[in-house]
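Encoded as structure tokens, the structure appears first; notes follow it.
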Amino acid sequence: MKACIFDLDGVIVDTAKYHFVAWKKLAEELGISLTEEDNERLKGVSRMESLNIILSLGGLDVDDPEKIRLADKKNDWFVNYINEMKKEEIFPGVISLLQSLKEKKAKIALASSSKNAKTVIDKLEIRDWFEVIVDGTMITHSKPDPEIFLLAAERLGVEPKDCIVVEDAEAGVEAAKSAGMKCIGIGSVAQLGKADVVVNQIEELSTETLEKQF
Ligand code: B16
Ligand code: MG
């Protein structure tokens, strides 16, 4: 393992719950019910793709300017939530894992589909841990396309086969595997079965588990 690439929402911090609450509120305004199961499909994919999934759940067809208005509305609510975030919301075990990767001289990157990723990491005061940060503003195709992870590896100067990705979304696991990388899933085997290893919480992960995948 030469590099470890972390997803953000749902891996470093539970912003996934804020995305869900904001999308659910928007869906309700549109008369669409959004379940936690539906929400799994929104994880890791871009804002506009998430909106398209919700609209298709409700069988709604709206024009592009209206889509932009709806996506902006959801984002305003999401930004209100993340602006209140404190560094205490970082998941237990994250900082010690980053520390131990540094000690082992592994390179560390962050690869998030979110266009709000930099706001989140600044709120959490964790920017300095990452040599490379790739976010939703820097890519054309979001997960499950491998673009984001391939770009992170390229910027780190590491071959994809020497990278391991930590992900909580099915789309993210798929993206990592199509990039030719190892992948750890954080969550349930039912959702993330394509990962090399699945753990319930990031706290259960050690650098030994990461290294063992190579
Ligand atoms: P934004 P990740 C992803 O972040 C989220 O999982 C996904 O639910 C969200 O739609 C996407 O970011 C875009 O977020 O609306 O803030 O640009 O999991 O790749 O860190
Ligand atoms: Mg995620």
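Data for the structure
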| quantity | calculated |
| --- | --- |
| In degrees, nearest ten, helix 94-103 long axis to first principal axis of the chain (Cα) | 30 degrees |
| Candidates Asp135, Asp64, Asp162, ranked by Gaussian network fluctuation over the chain, Cα under 10 Å, top entry | Asp64 |
| Distance cut-off 23 Å, percentage of C-alpha pairs in the chain lying past it | 43 percent |
| Cross-link pairs Lys17/Lys177; Lys17/Lys143; Lys25/Lys67 - those with Cα-Cα distance over 22 Å | Lys17/Lys177 |
| Farthest toward positive dipole pole in the chain [+1 Lys/Arg, -1 Asp/Glu at C-beta], among Leu51, Val79, Thr35 | Val79 |
| Rule-of-thumb Rg ratio for the stretch 64-157 [Cα; 2.2 N^0.38 Å; N residues] | 1.24 |
| The chain: relative contact order as a whole-number percent, Cα under 8 Å and 6+ apart | 26 percent |
| Packing-based order for 173-181, 140-148, 197-205, using average beta carbon neighbours within 10 Å, highest first | 173-181, 140-148, 197-205 |
| For the stretch 102-191: rounded, prolate or oblate by the Cα gyration tensor [a/c cutoff 1.5] | rounded |
| Value in Å of the Kirkwood radius, where the stretch 16-82 supplies the Cα pairs that are averaged | 11.7 Å |
| Rounded tilt (10° steps) of 15-29 against the dominant C-alpha axis of the chain | 10 degrees |
| Using θ = phi - 60° and Karplus 6.51 cos²θ - 1.76 cosθ + 1.60, couplings along the stretch 3-11 (whole Hz; Gly, Pro as x) | 8, 10, 10, 9, 6, 9, 4, x, 10 |
| Test item: Cα-centred dipole of the chain, Lys/Arg +1 and Asp/Glu -1 on Cβ, debye | 500 debye |
| The chain: angle of helix 47-57 to the longest principal axis, Cα-based, in degrees nearest 10 | 50 degrees |
| Rg over Rh [alpha-carbon atoms, Kirkwood Rh] for the stretch 166-210 | 0.93 |
| Computed label-point distance, nm, for sites Asp63 and Lys104 using a 7 Å Cα→Cβ extension | 5.5 nm |
| Full-stretch length increase - Lys115, Asp128 - with 0.36 nm per residue and alpha-carbon distance subtracted | 2.8 nm |
| Among Ile121, Ile139, Ile108, residue whose mean-square fluctuation peaks in a GNM of the chain (springs only between Cα atoms under 10 Å) | Ile139 |
| Nearest-0.05 FRET efficiency for Gln213 and Asn75, computed from C-beta distance (R0 45 Å) | 0.80 |
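A short reminder: the numbers here are calculations on the coordinates, not readings from a lab. This one's a predicted model, so the numbers in the text were calculated from it and none came from an experiment. Using ideal geometry, Cβ is built from the backbone for each residue, glycine included, and neighbour counts are taken over all protein chains shown.
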